[in-house]
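Below: the structure, in structure tokens.
Bear in mind that the values in this text are calculations on the coordinates, not laboratory data. Treat the numbers as computed from the prediction; the structure is a model and nothing was measured. FYI the Cβ positions are ideal-geometry reconstructions off the backbone, even for glycines, and counts take in every protein chain you see.
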Amino acid sequence: MRTFRSIVATLLAVAALSAAAQESLQARDFSQLEKLMNQAVKDSVFPGASLAVLYRGDIVYHRAFGHLTYDPKSAPADTSTIYDAASLTKAIVTTSIVMQLVERDSLDIHAPVARYRPAFAAEGKGRITVEQLMRHHSGLRAHSFFSKSCRTPEEVFSAIEKDSLNYPTGTKTVYSDLGFILLGRIVETRTGNSLPANFNARFAAPLGMRSTMFNPPSELLSRIAPTEPDHQWPLSTPRPLVNDQNAALIGGAAGHAGLFTTTGDLCKMVRMLMNGGTFGGKSFMRPETVGKFLKKTGSPRAIGWDMVTPGGSSSAGSRFSGSSWGHLGYTGTSIWVDPEKELAVILLSNRVWPSSENIRIRKFRPMLHDTVVECIEADGKH
């Protein structure tokens, strides 16, 4: 058990950090950012959203906008609203666990996937490595509607293993859910624990991410922003809450989707990564591991994370440096980190409510990140 002295020390540290962040917030002009976010709600980019900005180790901006739905009588969004993180799960959960397993020699990302899942060698996939799955140039197709042919998690994993290549391995980059679905299962078989248990023990609990979980309980529903209704659930069993149907088929917790979280909780995870794997005096991974995974090496993607696209076409906008890394989530979530500027932007929204046909967020994301940089850099000129 933690001693009373350690608890007091932690509370004092949090209070000091909060005071520093509040002072930093007051010293900056984020009026343009406020205007942009409020306009996004008016333009139905999303019903509501929570936004956090980290700069030089501090949370300098943390606010929520809009409501949980487009009904003005629905609950207002706030910074404690829980969102379906969608594909942020790939980076925050699966990749982070893999980073630890690599450090502890429990997993070799340079090894063939077939070492851990022998059936994956079928259809000419025997030489595809774990790293190639994580960089999205394995040759696997981008997506598959497994509900048309599968009814259990093992049937989903088996379908991926039996699938043929969609293009020659290594010849191009095609963002794929399939590889991370399989990676999640590899993590479970290598560790003997479920993906949620792994993430909670390794990161969520020690970081104090108390509102971050898979398959949130019903008592938290009032805090969770709704996503697109699923009217085609194929099973007779109750459907897990996660928006992604493939993740629901796997039980709500998969390597590619299923995490629910808040901006405040993600700030802790992102700060840990920005700080070379350390947070609150605890080491979660070595700096060299973080550096290895979060950089380009002959690929447009990092290992488990995305990198900015040359030419200014990135969702990170045109002002983030070339070494920036991040990830997007289908539901309207994103993380972008610029290590050169010591800047991070975390956006959680439910743009898929009530329909995923709303894609206004595509134009909004670059504007958001450009505006954040403008606010930060404008402050530095005074």
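Some observations on this one:
- Peptides 251-262, 180-191, 317-328 ranked from most to least packed give 251-262, 180-191, 317-328, packing being the mean of other C-beta atoms within 10 angstrom over each peptide's residues.
- Kyte-Doolittle mean at least 1.0, axial Cα span of 24 Å or more - DSSP H helices of the chain: 4-26
- Here region 160-201 is scanned for amide nitrogen atoms under 15 Å from the site 7 Å beyond the Cα of HIS143 along Cα-to-Cβ, giving 174-181.
- Largest mean-square fluctuation among GLU155, GLU34, GLU219, in a Gaussian network model of the chain whose springs join Cα atoms under 10 Å apart, belongs to GLU219.
- Contact order relative to length of region 257-361, as percent, for alpha carbon pairs under 8 angstrom and 6 or more apart: 17
- Estimated 222 nm signal from helices in the chain, with DSSP H stretches of n ≥ 4 weighted -39500 (n - 2.57), rounded to 500: -9500 deg cm²/dmol
- In order along region 322-337, the phi-based Karplus estimate (6.51 cos²θ - 1.76 cosθ + 1.60, θ = phi - 60°) of 3J(HN,Hα) comes to x, 8, 5, 10, x, 6, 10, x, 4, 6, x, 10, 6, 9, 9, 10 Hz; Gly and Pro are listed as x.
- Three-way shape label, region 249-319, alpha-carbon gyration tensor, a/c 1.5: oblate
- Radius 12 Å from Cβ of ASP244, net charge of other residues (Lys, Arg +1; Asp, Glu -1): -2
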